[in-house]
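The values are calculated or read from the model by the stated rules, or taken from the named source; none is laboratory data. What you see is a predicted model, and the numbers here were worked out from it, not measured in a lab. Here the Cβ positions follow ideal geometry from the backbone for every residue, glycine too, while neighbour counts run over all protein chains shown.
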Amino acid sequence: MIIAELPGADPKTFRELVDDLKNQIGSGIVVLGTANGEKVSLIAGVTKDLVGQIKAGELVNQAAAVVGGKGGGRPDMAQAGGSKPEQLSAALAAAKQWLESQ
């Protein structure tokens, strides 16, 4: 499980980064978040072998709820946005808690 805040990261590169990390770990889950101004960007990636247990959309929405947003996507990758950048750390912690409860 990789859960990280990437200050100042370009949300447009998140998909590539998540794909690269999923390839490197082979089996696992990646959640990344960044805040730019008043906007929060989140992305979750789940390797294909775990998609039956964890859906990226459900995971990213756990974090997005904390930052006042919502998101969606495919079972293996989903993105979300929010408007409470001060809550980004709490959102990533919420994603971790949810994963541990699964």
Only one of (1) at pLDDT below 95; (2) surrounded by 13 or more Cβ atoms within 10 Å (Cβ to Cβ); (3) touching a helix residue (DSSP H, G or I) at 6+ places or on another chain (Cβ under 9 Å) does not apply to E38, and that is (2)
Show the residue pairs meeting these rules: Cβ distance below 6 Å; 6+ apart or different chains; first residue within region 43-66 and charged (D, E, K, R); second residue surrounded by fewer than 20 Cβ atoms within 10 Å (Cβ to Cβ). D49/S27; K55/P75
State yes or no: is D76 at pLDDT below 95 and of a type in the set (D, E, K, R)? no
The condition of being basic (K, R) and in contact with a Lys or Arg (Cβ under 9 Å, 6 or more places away or on another chain) holds, among K96, K22, K70, K84, only for K22
Taking only pairs six or more apart or across chains, which ones have beta-carbon atoms under 6 Å, a first residue in region 13-28 that is under 20 Å from L99 (Cβ atoms), and a second residue that is polar (S, T, N, Q)? K22/T47; S27/T47; G28/T47
If I ask for residues that are buried (at least 17 other Cβ atoms within 10 Å of the Cβ) and at positive phi, which ones from region 6-35 would you list? none
